[in-house]
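Quick notes on the structure that follows.
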Amino acid sequence: MMDQIKWLGRDLLRVVVVGGGIGGAELLRNAATRGGLDLVLVEPKDRIDCQALYPDYLGGRIGIEEMTVPLDPFCKKMDVVHVKERALKVDFDDKRVICEKNYLDYDILVLAPGAVQNYFEIDGAEKAFSINTLKETVRARQFVEKNRPKKIAIIGSGPTGIETACFLAEHTHCKIYVIEMMDRPLPTLSKNASTLMDKILKGKGVEVLTRKQVESIGEAGVTFADGSSLDCDMTTWTAGIKPAPLIENLDLPKRSGWLSCDQYLRVQGREDVFAIGDCAWIEIGGKLATKTGMEAEIQAKHTARNLARIAKGTNLKPYSIRASTDSPVALISTGCSCAVGIYGDLCVPIPKRIIYTFKSWIDKSFVKRFKV
Ligand SMILES: Cc1cc2nc3c(=O)[nH]c(=O)nc-3n(C[C@H](O)[C@H](O)[C@H](O)COP(=O)(O)OP(=O)(O)OC[C@H]3O[C@@H](n4cnc5c(N)ncnc54)[C@H](O)[C@@H]3O)c2cc1C
């Protein structure tokens, strides 16, 4: 039988936050100091982690302690109740979140369960290494250290694929291939960015294979739709994300599977449900928000302020997108303590140490702010 998580009996707005990643944790940090809110976090993991540092970890540059922080001391300090379970479904009529063992009622629900790797049902892809969760990244690093692969294929040439290739090129002596289905690396960013990255990768001896659609992945390597194949002893999959399974189970308005939000970051048509971060489709004034940590963080801060407004009975303020898909902002590590900065069509023509130092500072300070 399920138990109900009891609220503290205070006359406060009961807010349940599902997901304690970048969006959820940042929202709690900002909401907790505002008063008028009784906060509960539903999160199965016991650490907050910064995905942006996974490639650094994979390359052996940092340890787990530098990219993660324990969740419970932070929740205790913020007076947030942590329910260490996965949310399974939501009863929107009764305003109730049903978790694995317990259920809890809310006044306001904030959904921030993020995204998971999308394998597009490609045969064998799920067995490849992924750099999308801490567990998978740890598994990938252990494999590299133990088996010392000679040839590694990285599927997907988005920022994660590129960073993974650069860190592995820096820290191993293996031959690295980056596989891309489109006609250029970094296909979602500008052509200038692709040209620069192509040059950087070539300079590191990384081979970029474009217009290659993966058909299957097996122990011996990768097979492509054009009939060709690539032998390798490790395959890493970085080619795409999809909404977390919880989102798939919720009967709410969606765009391409993501939760469709209004200008206040509430799910369309629901005044009591907000969605932030990767799980949300946020399109305001013709701009579409990118699925980045930077956006998740700003959305979280904005939502914390709006929650305080609800508690006070004042009007919500509309959100304004910072990093949109038409002018994306990206700092991409290229190994050897360097990174490139990209903003829309503009990019710094050579990788710079100062950009890596800046990126590293941003990522590490995200982790530090939750340390107690
Ligand atoms: C390798 C990598 C590198 C990246 N680098 C950058 C970068 O340099 N800059 C940048 O801006 N962005 C970067 N990103 C993207 C960024 O990490 C994400 O956009 C950001 O984490 C999204 O935040 P979120 O809160 O929506 O989701 P997440 O941070 O993924 O958090 C979601 C949380 O929800 C929890 N959860 C999931 N399902 C449930 C459930 N049913 N019940 C309860 N909890 C649940 C999960 O355990 C997780 O803790 C990178 C991503 C990856 C994978």
Breaking point among (1) free of Cβ contacts under 8 Å to residues at least 60 places away in the same chain; (2) among the acidic types (Asp, Glu); (3) under 27 Å from ASP94 (Cβ atoms), for GLU283: (3)
Number of the condition not met by ASP198 [criteria: (1) at pLDDT 95 or above; (2) within 16 Å of the ligand (Cβ to nearest atom); (3) out of contact with any Phe, Trp or Tyr (no Cβ under 8 Å at 6 or more places or on another chain)]: (2)
SER337 being in the same structural domain as ALA193 (by TED's automatic domain parsing), within 30 Å of HIS173 (Cβ to Cβ), surrounded by fewer than 19 Cβ atoms within 10 Å (Cβ to Cβ) and among the polar types (S, T, N, Q): no
Using beta carbons and a limit of 7 Å, which pairs, at least six apart or on different chains, have the first residue in the stretch 108-130 and not assigned by TED's automatic domain parsing to the domain that holds TRP281 and the second one assigned to a loop (DSSP other than H, G, I, E, B) and away from the ligand (no atom under 14 Å from the Cβ)? ALA125/TYR119; GLU126/TYR119
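Look through ILE342, ILE355 and report the one residue that is outside the structural domain of MET197 (by TED's automatic domain parsing), part of a helix (DSSP H, G or I) and either surrounded by 19 or more Cβ atoms within 10 Å (Cβ to Cβ) or modelled with pLDDT under 90 (or both). Quick ask: steps written out before the conclusion?
Details: ILE342 fails: part of a helix (DSSP H, G or I).
Going through ILE342, ILE355 in turn, just one is outside the structural domain of MET197 (by TED's automatic domain parsing), part of a helix (DSSP H, G or I) and either surrounded by 19 or more Cβ atoms within 10 Å (Cβ to Cβ) or modelled with pLDDT under 90 (or both): ILE355.
If I filter the stretch 182-231 down to residues being part of a loop (DSSP other than H, G, I, E, B) and among the hydroxyl-bearing types (Ser, Thr, Tyr), which single residue comes out as nearest to VAL340 (Cα to Cα)?
Residue satisfying both the conditions and the ranking: SER190.
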Can you spot a residue in the stretch 164-181 that is in a strand (DSSP E or B), among the hydrophobic types (A, V, I, L, M, F, W, C), within 22 Å of the chain's Cα centre (by Cα) and crowded, with 17+ Cβ neighbours inside 10 Å? yes
Any residue that is assigned to a loop (DSSP other than H, G, I, E, B) and either in contact (Cβ under 8 Å) with a residue 12 or more places away in the chain or under 30 Å from GLN213 (Cα atoms) (or both) - is there at least one of those in the stretch 134-145? no
Checking ALA330 against (1) of a type in the set (A, V, I, L, M, F, W, C); (2) assigned to a helix (DSSP H, G or I); (3) within 16 Å of the ligand (Cβ to nearest atom); (4) modelled with pLDDT under 95, only one condition comes out false. Which one? (2)
Subset of the stretch 52-80 (residues that are within 14 Å of the ligand (Cβ to nearest atom) and either within 19 Å of HIS171 (Cβ to Cβ) or assigned by TED's automatic domain parsing to the domain that holds ARG14 (or both)): ALA52, LEU53, TYR54, PRO55, ASP56, TYR57, LEU58, GLY59, ARG61, ILE62, MET67
Looking at the stretch 23-39, can you tell me whether even one residue there is surrounded by fewer than 23 Cβ atoms within 10 Å (Cβ to Cβ), within 16 Å of the ligand (Cβ to nearest atom) and in a loop (DSSP other than H, G, I, E, B)? no
The stretch 240-255 - residue that is within 12 Å of the ligand (Cβ to nearest atom) and part of a loop (DSSP other than H, G, I, E, B) and, of those, farthest from the chain's Cα centre (by Cα): LEU250
Cβ pairs under 7 Å, 6+ apart or interchain, first in the stretch 39-57 and touching a residue at least 60 places away in the same chain (Cβ under 8 Å) and under 30 Å from LEU104 (Cα atoms), second of a type in the set (S, T, N, Q) and more than 6 Å from the ligand (Cβ to nearest atom), ordered by first then second residue, are ARG47/THR68; ILE48/THR68; ASP49/THR68
In the stretch 286-326, which residues are free of Cβ contacts under 8 Å to residues at least 40 places away in the same chain, away from the ligand (no atom under 16 Å from the Cβ) and surrounded by 14 or more Cβ atoms within 10 Å (Cβ to Cβ)? LYS287, ARG309
Subset of the stretch 106-145 [modelled with pLDDT of 95 or more, out of contact with any Phe, Trp or Tyr (no Cβ under 8 Å at 6 or more places or on another chain) and away from the ligand (no atom under 16 Å from the Cβ)]: ASP107, PHE120, GLU121, ILE122, ASP123, GLY124, GLN142
For the stretch 42-51, which positions are within 22 Å of ILE98 (Cα to Cα) and within 7 Å of the ligand (Cβ to nearest atom)? VAL42, GLU43, PRO44, LYS45
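The values are calculated or read from the model by the stated rules, or taken from the named source; none is laboratory data. Source: prediction; values computed, not measured. No Cβ is skipped: glycine too gets one built from the backbone with ideal geometry, and neighbour counts run over all protein chains shown.
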